[in-house]
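Below you'll find the structure, written out as structure tokens, and then a few comments.
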Amino acid sequence: MKKITTLSILFISVALVAPMQVSAATNAGIKPRSFFYFLDTTFENVGLFFTFGSEGKAKKALEYADERLAEIEAVAEEKNPEAVKTAIASYESRDALNSLSG
């Protein structure tokens, strides 16, 4: 009886904790007006190049697209139109690259 209770508590706690890890918001990271923004996008391109399999590439590209959208939201809050244009252009170029490779 004690084993059943322990297992029940374990399964319930796992069921409650697992969805919390999935719902984390994407961080904007380095913003487009930063001096290091080109490094951020360069490392993303290198990461995509060394990712094997179409499913892995798609998953990684989706993560990068989420980051680009978070960057757009972050710079829009700063009311910096040039940074917003840069972030949108980066998002659109990433989207165009993904449609060509896919």
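Any idea which residue in the range 40-75 is surrounded by the fewest Cβ atoms within 10 Å (Cβ to Cβ), counting only those that are over 18 Å from Ile88 (Cβ atoms) and of a type in the set (Asp, Glu)?
At the first step, the residues of the range 40-75 found to be over 18 Å from Ile88 (Cβ atoms) are 42-43, 45-60, 63.
With the extra rule that they be of a type in the set (Asp, Glu), the set shrinks to 55, 63.
On the way: Glu55: 9, Glu63: 13.
Looking at the filtered set, the residue picked out is Glu55.
Given the residues Ala74, Ala96, Ala61, Ala83, which is the only one that is more than 15 Å from Ala28 (Cβ to Cβ), modelled with pLDDT under 85 and not charged (D, E, K, R)?
Of Ala74, Ala96, Ala61, Ala83, the one residue that is more than 15 Å from Ala28 (Cβ to Cβ), modelled with pLDDT under 85 and not charged (D, E, K, R) is Ala96.
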Given (1) hydrophobic (A, V, I, L, M, F, W, C); (2) surrounded by fewer than 17 Cβ atoms within 10 Å (Cβ to Cβ); (3) at pLDDT 85 or above, identify the lone condition not met by Ala89.
(3)
Only one of these conditions is not met by Lys2: (1) of a type in the set (D, E, K, R); (2) loosely packed, with under 10 Cβ neighbours inside 10 Å; (3) modelled with pLDDT of 75 or more. Which number is it?
(3)
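The values are calculated or read from the model by the stated rules, or taken from the named source; none is laboratory data. Note that the coordinates shown come from a computational prediction; the quantities given were computed from them, not determined experimentally. All Cβ positions, even for glycine, are placed from backbone atoms using ideal geometry, and neighbour counts span all protein chains on display.
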